[in-house]
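Worksheet: one structure, shown below.
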Amino acid sequence: MPFVIALAAVLVFLRRTSALKTSHAFACGALGFYLADSSLAGSIHSASANLLGMVGSFGP
């Protein structure tokens with residue numbers, strides 16, 4: 001499951017429970033675009049891929 005889809009699902013859940021306001025969602029999106037353009041993008045991608053790989057290995 002791609003990380004973007006997982007984040008989108010969390011965003012929809014938080015938005016529906018009113019725990020996340022629209023302005024907060026836009027701020028999170030802007031931060032994501034900023035981080036994607038920074039020098040940390042490769043490290044963040046590697047860390048999230050490793051984390052999702054570990055989570056995916058916990059199967060039945």
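The values are calculated or read from the model by the stated rules, or taken from the named source; none is laboratory data. Predicted model, so just to flag it, every value in this text is computed and none were measured. Don't worry about glycine lacking a Cβ; one is built from the backbone with ideal geometry, like all the others, and counts go over all protein chains shown. Surface accessibility is based on the protein's heavy atoms, side chains included, excluding ligands, DNA and RNA. Shrake-Rupley method; radii C 1.70, N 1.55, O 1.52, S 1.80 Å.
Could you tell me the calculated FRET efficiency between residue 39 and residue 9, based on Cβ-Cβ distance and R0 = 25 angstrom, to the nearest 0.05?
Working: r = 28 Å, r/R0 = 1.13.
Given R0 = 25 Å and the Cβ-Cβ separation, E is 0.30.
Which percent of the accessible heavy-atom area of the chain goes to carbon and sulfur, probe 1.4 angstrom?
73 percent
For the chain, rounded, prolate or oblate, judged on the Cα gyration tensor with a ≥ b ≥ c (square roots of eigenvalues), a/c < 1.5 rounded, else prolate if a/b > b/c? Intermediate results must be reported in sequence, preceding the final value.
Details: a/c = 3.60, a/b = 1.19, b/c = 3.04.
Taking the square roots of the gyration eigenvalues as a ≥ b ≥ c, the chain is oblate.
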Item to check | Whole-number accessible area per residue in Å² for the chain, which is evaluated in the context of all protein chains at 1.4 Å | outcome: 85 Å²
Checklist entry - Residue by residue through segment 32-44, which ³J(HN,Hα) values in whole Hz follow from phi under the Karplus form 6.51 cos²θ - 1.76 cosθ + 1.60 (θ = phi - 60°), with glycine and proline marked x? => result x, 5, 5, 5, 5, 8, 8, 6, 7, 4, x, 5, 5
Checklist entry - Once both labels are modelled 7 Å past Cα along the beta-carbon direction, what's the residue 16-residue 50 spacing in nm? => result 3.4 nm
Checklist entry - Using the Karplus equation 6.51 cos²θ - 1.76 cosθ + 1.60 (θ = phi - 60°), what ³J(HN,Hα) coupling, rounded to whole Hz, does each residue of segment 10-16 give in order, writing x for Gly and Pro? => result 5, 4, 5, 4, 5, 5, 6
Checklist entry - So what J values fall out for segment 18-31 if you push phi through Karplus, 6.51 cos²θ - 1.76 cosθ + 1.60 with θ = phi - 60°, rounded to Hz, Gly and Pro as x? => result 6, 8, 10, 7, 4, 5, 5, 5, 5, 5, 5, x, 5, 4
